[in-house]
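Beneath this line is the structure, given in C-alpha cells, with notes to follow.
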Amino acid sequence: MSSDDASATPPSAGEPNGSSSAAAAAAAASPETKNRWTGRPYSPRYFEILEKRRTLPVWQQKEELLETLKANQILILVGETGSGKTTQIPQFVLEANEFAGKRPMVACTQPRRVAAMSVSRRVAEEMNVTIGEEVGYSIRFEDCSSHKTILKYLTDGMLLREALADPLLERYKVIILDEAHERTLATDVLFGLLKEVLKNRPDLKIIIMSATLEAEKFQGYFSGAPLMRVPGRLYPVEIFYTQKPEKDYVVAAIRTVVQILISEPPGDILVFLTGEEEIEDACRKITKEIKNLGGQVGPVKVLPLYSTLPPLMQQKIFDPVPGRKIVVSTNIAETSLTIDGIVYVIDPGFSKQKIYNPRVRVESLLVSPISKASAHQRSGRAGRTRAGKCFRLYTEKSFHTDLVPQTYPEILRSNLANTILTLKKLGIDDLVHFDFMDPPAPETLMRALEVLNYLGALDDECNLTQLGEIMSEFPLDPQLAKMLVVSPQFNCSNEILTITAMLSVPNCFLRPREAQKAADEAKAQFSHIDGDHLTLLNVYHAYKQNNADPSWCYENFINHRVLKAADNVREQLTRIMARFNLKLCSTRLNNREYCVNIRKALLAGYFMQVAHREGAGHYLTVKDNQMVHLHPSTCLSYMPEWVVYNEYVLTSKDYIRTVTDVRGEWLINIAPHYYDLSNFPSCEAKCVLERLYKSKEGNNRTGRFFTGK
Ligand code: CDP
Ligand code: MG
C-alpha cells in the first residue's frame, strides 16, 4: 500500500498544504491543518480521503452517536456493510475529548485477523499517521502497536488475552466490539466479561457494532442499551433462485459466472465459496472458461480471497482493473471486507463452519448450509454502487424451509477447553452462572473441565493448578501448552518449541498443481521415519541451516512466509518460557533417545489424541472408538500400532492428520490417569493395554523398569 508514503512525508515547508484544488478546498473547510496526534501538517492525501469519508452514511449520525454515548455506557450500533462503522466510529470517539481524556485509548475488535490488519492500515492512512504508531493492530503472535498507540484494532481473542493481564481493561476508555453478529467464541465471552467489568468501570464506554443483528436479543442482554441504526446506501438487489436444487454448487457457480460474463451488462462479480482449495480450483476453472470464450467478453481479472492468502495478494481485490473483476471469496467478504464495485453476487448457500461433538470430542470444519441472515448479507454485497443482482444457487423453497434464521453462535459448536482455562484464569469460577448470551450445553462444559483436569490444569475441585496458571499464559490450545510446559522434563524443550511453532502456522508444504511430483519429492527429503511431527522439525532445521533463504524455500516447495511466521512464533514462545524459568534443553542428536524423548513429550500433551491400529487396516481413536484413517499427506510409510495425532479431519472419510508413531507402554507411563482401564470401553486397544499393565507389574516386581518415564 502507498499509505506509508503519504504519512511519512508531510509537505515540505513553504509549499502550501494540498496541491490539488479539491484537497485545498477540503483543507479550507477544515479548521485544522495540523495533525493533533503527531503535530505534523496534514498531507494532501489526508484531505483527499477526508472528503470521501465525509460522504459515508455514519457521518450523518456523528453528533447523535456521541451524545448517546455520553448518556449511556453501552451503545448498540447497526449499519449496513460499507456505511463506515469500522473505520469511522473509532475516530469519532477519539476526536471527542470527553471519552478520550488526556490519554485516550480505544480498542476495536475484529473476529478475523485479516480484517484487523487491513482496516488498521486504512485508518492509519485516514488519520495520516504511521501504522504501528498512533494506530496499530494486534493479532495472535503479531503486535503492531507501540506506547504511542491510541487506537488499536485487535482480534477478539487478543482482547480476551489482554484481560488476563489487565482484568478491568484499564488501559481502554472505549471498547468497540465489531461484527458482533458473527457471535464468535471470543466475542461471546467478551460480552459476559465486559458486563462484569462495567460494574467496576463507570468511566468505560462500550459500543457493540454489527451489520445485522437480532436487535431485541442484544438489547435484552445488555439491559436495554440504546440502539442506533445507520441507514445504508443500498440500491435494489434483484434475487434469483434456481428452479431445481444444484448437484454440484462449484460447477453451478462457474456456469453462472460465464452466463453473467456473456449476457449481463458490466459490473464486478463476487462468488462465495467455502475454502482455499475450492477457491483456487474455481479460479483456475473460471480463467480457463474465459479463455474458451475468446475475446467476446473483454478483459476479466479473476482474484481469490481467503484468510490464509498473503496480505499483498488480498490487497489486490481493492485495485481497480480494466474490464471486469471476479472475486472468489470465503465468508470474509460477507461482512468483514467491503469490495466496492460489486454488482453481481453468486451465493451457493454454503460456508465452512466449525462443529463440535462433545460425545466423541471431535471439533471439525464442515461445509454447511448458511443461515438466512448470511444469505441476506451476501445479497447485500451486490447493491453497493448501483442496482445489482444476486444469484442464489438453491431453490426459493429451500431458502424458506432449509435455512435457519441466524448463524448458530460459535460457543454452541466449539470445544471450550481453551475458553474455560481463560475464564478460570480471569477468576471466574462459577461457570454455570456466567452470563453467557447463549449458554453452552452442560455436556460441552463438562467435557472441557474433564479435559483440563486430565491435563492437570485443574484439580479435582476444578481449581486452577500451578501448571494450569502457566499453561494459560501461552496463547495456545491447552494440549499444546501442556506439551510445551512439560517438555523440559523430557529434555527436548528446544525441539518441542519448534514443533509447537510449526503447528501454530498454516501448512508449510507447497504443492502446485503443475508440479505435484516434484513437490512430493521435495517433501520426501524431510520426511522422518517416526512421523509428521518430526518431519516438521526437519523442515525447520533445514530452513535455518540454509539461512532462511527464500530461494532455498522456493526450490524445495516450502512456503517461505509460513516458515518466517513459525520462526517468529517460536521466538515469542521462547520469551514466555523464559518468563517462567522453563529450561531450554535438547537431548544430544546422536543419542538414541533424541527422537524418543520428543515423541514422549508429544504424548504428554496429546495423550487424549491417540489411535490404535485395528486388524482391518484402519484405526480406532482411544476411548471414543471412532474409526479413522491416516491422512494421505502423512509421511509415514507404514502403519504403526499406536499413533498420536494433532487433528481430526472430517471429510468424505474420517482422517487423522499430522501423526507420529508412539508406544503403548509410554501411554500407561505418561498418562496412567487417562489410560485407567476401569473406565475404558472394551476394544482391541484395551486388551493390548491390559497386557502392558500386567507386564509392567511383572517388571516392577523383578526390579526392571520401562524405558518410558
Ligand atoms: O464497517 P463498515 O462495513 O460499515 O465500513 P468500513 O469498513 O468502515 O468502510 C467504509 C468505506 O471505507 C468502504 O465502503 C470503502 O469505501 C472505504 N474503505 C476503503 O476504501 N479501503 C479500506 N481498506 C477500507 C474501507
Ligand atoms: Mg466493518
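Assorted remarks:
- So ARG599, is it without any contact (Cβ under 8 Å) to a residue 40 or more places away in the chain and among the basic types (Lys, Arg): no
- Test: residue in the stretch 633-640 that is within 30 Å of the chain's Cα centre (by Cα), over 29 Å from SER368 (Cβ atoms) and among the hydrophobic types (A, V, I, L, M, F, W, C): yes
- Identity of the residue in the stretch 110-132, touching a strand residue (DSSP E or B) at 6+ places or on another chain (Cβ under 6 Å) and basic (Lys, Arg), that ends up farthest from GLN88 (Cα to Cα): ARG113
- Test: residue in the stretch 565-584 that is more than 14 Å from GLU495 (Cβ to Cβ), open to solvent by 30 Å² or more (accessible area, probe 1.4 Å) and hydroxyl-bearing (Ser, Thr, Tyr): no
Yes/no per residue for (1) free of Cβ contacts under 8 Å to residues at least 12 places away in the same chain; (2) touching a His at 6+ places or on another chain (Cβ under 8 Å); (3) open to solvent by less than 20 Å² (accessible area, probe 1.4 Å):
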| site | (1), (2), (3) |
| --- | --- |
| HIS618 | yes, yes, no |
| ASN625 | no, no, no |
| LEU630 | no, no, no |
| GLU641 | no, yes, no |
| THR651 | yes, no, no |
| ASP676 | yes, no, no |
| LEU689 | no, no, yes |
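- Condition met for THR212 (hydroxyl-bearing (Ser, Thr, Tyr) and either under 16 Å from ASP166 (Cβ atoms) or assigned to a loop (DSSP other than H, G, I, E, B) (or both)): yes
- Qualifying residue in the stretch 482-504 (condition: touching a strand residue (DSSP E or B) at 6+ places or on another chain (Cβ under 8 Å) and open to solvent by less than 20 Å² (accessible area, probe 1.4 Å)): no
- Test result for ILE470, under 23 Å from LEU159 (Cβ atoms) and either crowded, with 18+ Cβ neighbours inside 10 Å or at pLDDT 95 or above (or both): yes
- Total residues in the stretch 585-601, condition open to solvent by less than 50 Å² (accessible area, probe 1.4 Å), part of a loop (DSSP other than H, G, I, E, B) and of a type outside the set (Ser, Thr, Tyr): 1
- Qualifying residues in the stretch 315-334 (those that are open to solvent by 10 Å² or more (accessible area, probe 1.4 Å), within 12 Å of ARG378 (Cα to Cα) and within 16 Å of ligand 2 (Cβ to nearest atom)) - the one nearest to the chain's Cα centre (by Cα): ASN331
- Only listed residue being open to solvent by less than 10 Å² (accessible area, probe 1.4 Å), more than 16 Å from ligand 2 (Cβ to nearest atom) and aliphatic (A, V, I, L, M), chosen from VAL258, VAL174, VAL251: VAL174
- Within the stretch 385-396, tally of residues that are open to solvent by 30 Å² or more (accessible area, probe 1.4 Å) and either touching a strand residue (DSSP E or B) at 6+ places or on another chain (Cβ under 6 Å) or not in a loop (DSSP other than H, G, I, E, B) (or both): 3
Conditions tested, residue by residue: (1) more than 15 Å from ligand 2 (Cβ to nearest atom); (2) in a loop (DSSP other than H, G, I, E, B); (3) surrounded by 21 or more Cβ atoms within 10 Å (Cβ to Cβ).
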{"position": "GLU51", "(1), (2), (3)": "yes, no, no"}
{"position": "THR55", "(1), (2), (3)": "yes, yes, no"}
{"position": "GLN60", "(1), (2), (3)": "yes, no, no"}
{"position": "GLU63", "(1), (2), (3)": "yes, no, no"}
{"position": "LEU66", "(1), (2), (3)": "yes, no, no"}
{"position": "LEU75", "(1), (2), (3)": "yes, no, yes"}
{"position": "SER83", "(1), (2), (3)": "no, yes, yes"}
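- Of residues in the stretch 602-616 being in a loop (DSSP other than H, G, I, E, B) and in contact (Cβ under 8 Å) with a residue 12 or more places away in the chain, the one most open to solvent (accessible area, probe 1.4 Å): GLY615
Let's see how each residue does on (1) on the phi < 0 side of the Ramachandran plot; (2) under 21 Å from the mean Cα position of the chain (by Cα); (3) surrounded by fewer than 18 Cβ atoms within 10 Å (Cβ to Cβ):
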| residue | (1), (2), (3) |
| --- | --- |
| VAL362 | yes, yes, no |
| ALA375 | yes, no, no |
| GLY380 | yes, no, no |
| GLY383 | yes, no, no |
| SER398 | yes, no, yes |
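- Residue count for the stretch 499-517 under the criterion of being under 21 Å from the mean Cα position of the chain (by Cα) and in a helix (DSSP H, G or I): the result is 5.
Condition check ((1) within 16 Å of ligand 2 (Cβ to nearest atom); (2) on the phi > 0 side of the Ramachandran plot; (3) buried (at least 21 other Cβ atoms within 10 Å of the Cβ); (4) without any contact (Cβ under 8 Å) to a residue 40 or more places away in the chain) across all residues:
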| position | (1), (2), (3), (4) |
| --- | --- |
| THR86 | yes, no, yes, no |
| VAL106 | yes, no, yes, no |
| MET127 | no, no, yes, no |
| GLY136 | no, no, yes, yes |
| TYR153 | yes, no, yes, no |
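- The set of residues from the stretch 411-464 being touching a Ser or Thr at 6+ places or on another chain (Cβ under 6 Å), open to solvent by less than 50 Å² (accessible area, probe 1.4 Å) and either part of a helix (DSSP H, G or I) or among the hydroxyl-bearing types (Ser, Thr, Tyr) (or both) comprises just one member, LEU421.
- Residue within the stretch 353-373 that is of a type outside the set (Gly, Ala, Ser) and assigned to a helix (DSSP H, G or I) present: yes
- Positions within the stretch 185-218 being within 16 Å of ligand 1 (Cβ to nearest atom) and either surrounded by fewer than 20 Cβ atoms within 10 Å (Cβ to Cβ) or polar (S, T, N, Q) (or both), in sequence order: THR187, SER210, THR212
- Inter-residue pairs, beta-carbon under 9 Å, first on the phi > 0 side of the Ramachandran plot and in the stretch 335-348, second more than 8 Å from ligand 1 (Cβ to nearest atom), 6+ apart: GLY341/GLY267; GLY341/ASP268; GLY341/PRO320; GLY341/LYS325; GLY341/THR385
- When ILE355, ILE346 are screened for being aliphatic (A, V, I, L, M), open to solvent by 40 Å² or more (accessible area, probe 1.4 Å) and either within 16 Å of ligand 2 (Cβ to nearest atom) or touching a helix residue (DSSP H, G or I) at 6+ places or on another chain (Cβ under 6 Å) (or both), only ILE355 passes.
The values are calculated or read from the model by the stated rules, or taken from the named source; none is laboratory data. These figures come from a predicted structure and were not determined experimentally. So basically every Cβ, Gly included, is an ideal-geometry build from the backbone, and we count neighbours across all protein chains shown. Just so you know, the surface numbers come from the protein's heavy atoms only, side chains and all, with ligands and any DNA or RNA stripped out. Shrake-Rupley method; radii C 1.70, N 1.55, O 1.52, S 1.80 Å.
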